[in-house]
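Notes to accompany the following structure.
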Amino acid sequence: MIQAVGLSRRQRAAKRALDVVVAGVGTVVTSPLMAAGFVVATVDTREWGIFTHIRVGRNGRPVRVHKLRTMRSSTTHTTTVTTIDDPRITRIGRQLRRFKIDELPQLVDVLVGSMSLVGPRPDVTGWADRLQGRDQIILSVRPGITGPATLAFRNEEEVLSRAADPEQHNRDVIWPQKVRLNRNYVEAWSLKSDIHWLVRTVVSVTSHQAGSSDERQAAR
């Protein structure tokens, strides 16, 4: 078991309070979009619109993480590395992923305490359990919806699609950089930093939407 040495008790309480307040408001505000996304995902994939997967959470314990389903099930593709041209991703699912709508159900995960708004993304077994030494501090906090590593690799699927060997590139290049960013985040944590990353995330998503709108206008 990983010892929660990253944040003090007071810091953890402050972080949790921010999570509950912001995730509570966010869940109420985005609930119509989540409901619509669920219906669309169900029809589009012909499966239950909410996808539940097990990830490594705080202190190395497994947690259930929820997303809108954006991929069709496949018995031929078993990799956990997803590229932008992954054949399992549906046409509508691609748009849900592009604008991060598929991750809205994780606001509920934050409310129940399995996730945080800001923190390292929850990883699968085989990655998170490879952490050694100082890097293990990453598991002292709840996994997050967004954070410095998430924003730094917002276009990760596009980068991987251009790599000759996506799995190797993820293992040798992207993963070590994410570990460094996540470790630095935990070691230098403050409530102000969480607010900063939340604002950065909102700006990133809205600017991405505006850019997509400009692209559509230019294409006419």
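The values are calculated or read from the model by the stated rules, or taken from the named source; none is laboratory data. Please read all numbers here as calculations on a predicted model, not as lab measurements. So basically every Cβ, Gly included, is an ideal-geometry build from the backbone, and we count neighbours across all protein chains shown. For the accessible areas, the whole protein counts, side chains as well, though only heavy atoms, and no ligand, DNA or RNA atoms are used. Shrake-Rupley method; radii C 1.70, N 1.55, O 1.52, S 1.80 Å.
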Taking the Cβ of G93 as the centre, find all other residues whose Cβ is under 14 Å away and add up their charges (Lys, Arg: +1; Asp, Glu: -1). +3
Compute the projected area of the convex hull of the Cα atoms of the stretch 108-215, averaged over all viewing directions, and report it in nm² to one decimal place. 8.0 nm²
Add +1 for every Lys or Arg and -1 for every Asp or Glu among the other residues with Cβ under 14 Å from the Cβ of L181, and state the total. +3
S204 versus D129: modelled label distance in nm, points set 7 Å from Cα along the beta carbon direction: 2.9 nm
Per residue, accessible area of the chain with a 1.4 Å probe, heavy atoms of protein chains only, in Å², comes to 55 Å²
If N is the number of residues in the stretch 15-60, what value comes out of its Cα radius of gyration divided by 2.2 N^0.38 Å? 1.52
Fraction of the pair-distance distribution of the stretch 1-129 above 19 Å, Cα-Cα pairs, percent: 55 percent
The set of residues whose placed amide H lies less than 5 Å from the amide H of S116, leaving out same-chain residues fewer than 5 positions away, is G144, I145
Stokes-Einstein D for the stretch 115-172 at 4 °C, 1.567 mPa s, Kirkwood Rh over Cα pairs, in µm²/s? 103 µm²/s
For labels at A164 and W48 in the simple 7 Å Cα→Cβ model, what's the distance in nm? 4.3 nm
Heavy-atom SASA rank of L191, L107 (probe 1.4 Å, accessible area, largest first): L191, L107
Give the separation of the Cα centroids, the stretch 109-141 to the stretch 6-37, in Å. 17 Å
Using the Cα centre of the chain as the reference point, and only Cβ charges (+1 on K/R, -1 on D/E), how large is the resulting charge dipole? Debye, rounded to the nearest 20. 580 debye
Computed on Cα atoms, Rg of the stretch 146-205 relative to 2.2 N^0.38 Å comes out at 1.25
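At 0.36 nm per residue, minus the direct Cα-Cα distance, what do V173 and R16 gain on full extension? Give it in nm, one decimal, please.
Details: separation 157, 0.36 × 157 = 56.52 nm, distance 3.19 nm.
Once the chain is fully extended between V173 and R16, it gains 53.3 nm.
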Using only alpha carbon pairs under 8 Å that are at least six residues apart, calculate the relative contact order of the chain and give it in whole percent. 24 percent
The size of the Cβ-based charge dipole (Lys, Arg +1; Asp, Glu -1) of the stretch 84-177 about the Cα centre, to the nearest 20 debye, is 260 debye
Cα atoms only: what Rg and Dmax, in Å, come out for the chain? 17.4, 56
In Hz, Karplus ³J(HN,Hα) per residue of the stretch 154-170 (6.51, -1.76, 1.60; θ = phi - 60°; x = Gly, Pro): 4, 9, 4, 5, 5, 4, 5, 5, 8, 7, 4, 10, x, 5, 5, 4, 5
Show me the ranking of peptides 84-95, 145-156 by mean Cβ neighbours inside 10 Å, starting with the highest. 145-156, 84-95
Between R88 and R154, take the C-beta separation as r, use R0 = 25 Å, and let me know the FRET efficiency to the nearest 0.05. 0.75
